[in-house]
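Participant: Here's a structure for you.
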Amino acid sequence: MTDDTQRRPVIRRRDPVRESVSVHREWHGSTLPALVRARGLDVDLQQWIRDHSDTVDALAHAAGAVLFRGFPVTEAADFRRAMDALSKEVLGYGERSSPRSEVVSGVYTSTDHPPDEPIVLHNEQSYTLDWPMRIVFCCTIEPDADGRTPLADSRRVLARLRPDVVSRFTRTGIRYVRNYLPGISLSWQEAFQTERRDHVEEYCRAADIRWEWLGADHLRTTQVRAAVRTHPVTGEASWFNHALFFHVSSLPPEVSEELRTALPEEHLPYNTYYGDGQRIDDEVLAELRAAYDAETIAFDWRQGDVLLVENMLVAHGREPYRGRRRILAAMSDPYSSAGVPA
């Protein structure tokens, strides 16, 4: 008597969800970002992320960013649901450096910065002691023209810098000096989300920030932070800071010139120095810009795109744009550098 089970073909059940989503570690000629593409609008992004969290983490740590495309994400509420799958800790926006408006809990406009001005590449809140490990963007309205979100691998940026430059920044850190001047920069009330000076002082004391009140509405803060950080999961070092972003020379030339003419250097809204207070050399600033430029990539936004950026591994910015554009942002997974060697 024969065993019929040996003759019968093995019937494998189709997994329509798996077949309708493809993962690409390289596309548009680059590995940054990795791409997860849905082929139909019937695949729920929140559920897919929950079912494939290990894949998402592996892609984010290897590539530095993951683009989810083709999923039915059209509203802020859809984006918030996806964030709930990505993290149990979706964060508010504290110690602000740019104006943002909250849309739903934990979801903000990416920035209310003027659309005709670029935003220099940076790692979100790297000037603080506590930052989000991830910043996530969602496109609900495609830009009419331009308006991409450029990315640069911070590990590769670091590798492009001369050893002596890295050594000096590693030894001294970076000194951030900010003046909160109404009408010129963010007010201290908006930056710290309070109307009370004692609350600002309490925050600064806890966050290792020196402060100085120079008038009823003029606050100056100074803080020194590391220039290079090590990712706690991958163990990789990266150029993680706002050294270029906050330097006065990174403003549009006409704005930079006007501010330097109107204000003494110590009153500039933002500026950066070596940690010991010395000015950063022009040739070093040029080297930083060249390193970012060499590693920068960008893609065109499509409605429904969700972009996960591993904040300690990849810097992001914004190109100028014309017409309509709506990109939302959320931050997650807080990390504290307190007690962690730079």
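Participant: Residues of region 172-198 being open to solvent by 80 Å² or more (accessible area, probe 1.4 Å) and either free of Cβ contacts under 8 Å to residues at least 12 places away in the same chain or more than 25 Å from the chain's Cα centre (by Cα) (or both), which ones? Show your work before the answer.
Facilitator: Our first condition is that a residue be open to solvent by 80 Å² or more (accessible area, probe 1.4 Å); within region 172-198, this holds for 183-184, 193, 195-197.
183, 195, 196, 197 - these are the residues of region 172-198 that are open to solvent by 80 Å² or more (accessible area, probe 1.4 Å) and either free of Cβ contacts under 8 Å to residues at least 12 places away in the same chain or more than 25 Å from the chain's Cα centre (by Cα) (or both).
Participant: Now for a different question. Considering only residues of region 113-149 that are open to solvent by 30 Å² or more (accessible area, probe 1.4 Å) and of a type in the set (Asp, Glu), which is farthest from residue 305 (Cα to Cα)?
Facilitator: Taking the candidates together, the pick is 130.
Participant: Go through region 300-342 residue by residue and tally those that are in a strand (DSSP E or B), touching a His at 6+ places or on another chain (Cβ under 9 Å) and farther than 23 Å from residue 103 by Cα.
Facilitator: Kept after step one, since they are in a strand (DSSP E or B), are these residues of region 300-342: 306-310, 314-318, 321-322, 326-336.
If we keep only those that are touching a His at 6+ places or on another chain (Cβ under 9 Å) as well, we get 307, 309-310, 315-318.
So of that shortlist, the ones also farther than 23 Å from residue 103 by Cα come out as 315.
So the count comes out to 1.
Participant: Hey, another quick one. Tell me, yes or no, whether region 326-333 has at least one residue that is open to solvent by less than 10 Å² (accessible area, probe 1.4 Å), in contact (Cβ under 8 Å) with a residue 24 or more places away in the chain and of a type outside the set (A, V, I, L, M).
Facilitator: For region 326-333, residues open to solvent by less than 10 Å² (accessible area, probe 1.4 Å), in contact (Cβ under 8 Å) with a residue 24 or more places away in the chain and of a type outside the set (A, V, I, L, M): present.
Participant: Strands (runs of 3 or more DSSP E) wholly in region 47-112 with at least 2 residues that are at pLDDT 95 or above and buried (at least 19 other Cβ atoms within 10 Å of the Cβ) - which ones?
Facilitator: On the way: elements: 65-69, 102-104, 107-109.
Output list reads 65-69.
Participant: May I ask you to say which residue of 162, 210, 205 is surrounded by fewer than 15 Cβ atoms within 10 Å (Cβ to Cβ), out of contact with any Ser or Thr (no Cβ under 8 Å at 6 or more places or on another chain) and over 30 Å from residue 297 (Cβ atoms)?
Facilitator: Values: 162 fails: over 30 Å from residue 297 (Cβ atoms); 210 fails: out of contact with any Ser or Thr (no Cβ under 8 Å at 6 or more places or on another chain).
Answer to the selection: 205.
The values are calculated or read from the model by the stated rules, or taken from the named source; none is laboratory data. Bear in mind that the values here come from a model prediction, so they are computed numbers and not experimental data. Cβ atoms come from the backbone with ideal geometry, glycine included; neighbour counts cover every protein chain shown. Remember, those area values only see protein heavy atoms, side chains included, never the ligands or the DNA or RNA. Shrake-Rupley method; radii C 1.70, N 1.55, O 1.52, S 1.80 Å.
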